[in-house]
1. All but one of (1) within 16 Å of the ligand (Cβ to nearest atom); (2) not assigned by TED's automatic domain parsing to the domain that holds T18 hold for I276, so report the exception by its number.
2. Taking the condition assigned by TED's automatic domain parsing to the domain that holds G30 and farther than 30 Å from R93 by Cα, does D240 pass?
3. Going through the stretch 307-342 one residue at a time, which ones are within 24 Å of L138 (Cβ to Cβ) and either in a loop (DSSP other than H, G, I, E, B) or among the acidic types (D, E) (or both)?
4. Quick check on the stretch 121-131: of everything there that is assigned to a loop (DSSP other than H, G, I, E, B) and more than 23 Å from G2 (Cα to Cα), which residue is farthest from the ligand (Cβ to nearest atom)?
5. Just to verify a result, which residue in the stretch 128-144, among those that are in contact with a Cys (Cβ under 8 Å, 6 or more places away or on another chain) and not polar (S, T, N, Q), is surrounded by the most Cβ atoms within 10 Å (Cβ to Cβ)?
6. For the stretch 145-169, name all the residues that are buried (at least 24 other Cβ atoms within 10 Å of the Cβ) and either on the phi > 0 side of the Ramachandran plot or within 16 Å of the ligand (Cβ to nearest atom) (or both).
7. Tally up the residues in the stretch 101-138 that are of a type in the set (F, W, Y) and touching a Lys or Arg at 6+ places or on another chain (Cβ under 8 Å), please.
Amino acid sequence: MGPGPINCYPRVLSAMSTQLVGQYDPVMTGYMNETMALYRQVFMTQNQQTLLVDGTSRAGIEAMIVSCLEPGDRVLVPIFGRFGHLLTEIAERVGAKVFTIEVAWGEVFKAEQIEAAIKQFDPKMVAIVQGDTSTTMLQPLADIGEVCRRLDVILYCDGTASIGGNAFETDNWKIDAVSVGLQKCLGGPSGSAPITMGERYLDIINKRRHIELGIRDENHQAGQNSRIQSNYFDLPMIIDYWGDERLNHHTEAASMLYCARECAINLLDEGIDNCIARHKLNGDAMLAGVKGLNLKPFGDISNKMNNVVGVYIPENVDGEAIRHQMLHDFNIEIGTSFGPLHGKIWRIGTMGYNARQDCVLSTLQSLESVLRRNGHKMKLGEAVDAAFSVYGK
Ligand SMILES: *Cc1c(COP(=O)(O)O)cnc(C)c1O
């Protein structure tokens, strides 16, 4: 019950144990095409170029940034938590000129703040996180795409922590490029990064297409712009691998592809709206429950992600001792936190397979017991009752 990774859906675990097939076996290429179609639905996009980057979510982030930004290119990163700092760090390593704006942890940006910063810094790209698990906040994106189109800036978003448990509408919100991972609300293991790329983003990276020697033939034209600094994360080459030409790049991580495919099928079987509603219901129950434990939730609750809540550690208890007892006495993991929040809040998730009433109730009941034994004062029974009332019982 931490902020991710969380328990996998059982059907995703089963998919992982499926026998391997060769990467050009028609079964495998069929699965690749099917996975592209499934993730178009997950991302709510018509983008043809919707595929998997092999690696954890950070691999998707790095591929998105390194394929687009050439050394010296300007990028704006609005930072509202740890992962904004990660986008900054990756863009700096790529040699981009990075401009940042920040709000305090626990808050999000207004579209006007981002518009003003674009006008001030004139970036080629805005790189932003949707849900930052480090603060539990969900950045509203619906208005930012419009601003970026109007000012001719590429909008890239890391939706890893939020997709599947909170609305994410790539095309309606005019987002040019998105990357995610499996280990949050999609309920899979870490190790595959689904991404989607729209025309405006593709126009930029296609000018940097330089197919590697050994697979290049005389029909392949080199792009006019600089070669992408990374081979592994070279998205034009990865696109050519997933496309009709099937130009060899890496060997597709077959087991992870089975997983990613299963995560998408699982989400679409439930229905995206139903899955978001389930995350909201269980997130609301957990929020009511922690208040019932006489704990104070962290941050601007009106912008909280459905799938994780931050909770101030009461002054009279040792936060790590509580986590330790939850894990070792009750087999329930809750999260610690990073940076300025380290030692100040716990983070409790309700996501993917664990966004369920039984998980919420047993976590609250266990936490009540552990907190009581550590001297924290609360009204016994109130947490579970508060959660029950959110469930309408
Ligand atoms: C959890 C999380 C990640 C995870 O990255 P990994 O490389 O899979 O560890 C990335 N971005 C955000 C916003 C996250 O919350």
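The values are calculated or read from the model by the stated rules, or taken from the named source; none is laboratory data. Here the structure is a predicted model, which is why all the values come from computation and not from measurement. So basically every Cβ, Gly included, is an ideal-geometry build from the backbone, and we count neighbours across all protein chains shown.
1. (1) is the only condition that I276 fails.
2. On the way: assigned by TED's automatic domain parsing to the domain that holds G30: yes; farther than 30 Å from R93 by Cα: no.
For D240, the condition - assigned by TED's automatic domain parsing to the domain that holds G30 and farther than 30 Å from R93 by Cα - is not met.
3. N307, I313, E333, I334, T336, S337, F338, H342
4. Within the stretch 121-131, the first condition is being assigned to a loop (DSSP other than H, G, I, E, B), and the residues that meet it are 122-124, 130.
If we keep only those that are more than 23 Å from G2 (Cα to Cα) as well, we get 122-124.
Numbers: D122: 26, P123: 20, K124: 22 Å.
Out of the qualifying residues, it is D122.
5. Start the filter on the stretch 128-144 by keeping residues that are in contact with a Cys (Cβ under 8 Å, 6 or more places away or on another chain), which leaves 128-130, 141.
Filter once more, so that each one left must be not polar (S, T, N, Q): 128-129, 141.
Values: I128: 26, V129: 31, L141: 24.
Residue satisfying both the conditions and the ranking: V129.
6. Within the stretch 145-169, L155, Y156, C157, D158, G159, T160, A161, S162, I163, G164, G165, F168 qualify.
7. 1
Every residue, every condition in (1) assigned to a loop (DSSP other than H, G, I, E, B); (2) at pLDDT below 95, yes or no:
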residue	(1), (2)
R209	yes, no
N248	yes, yes
M256	no, no
E262	no, no
D269	no, no
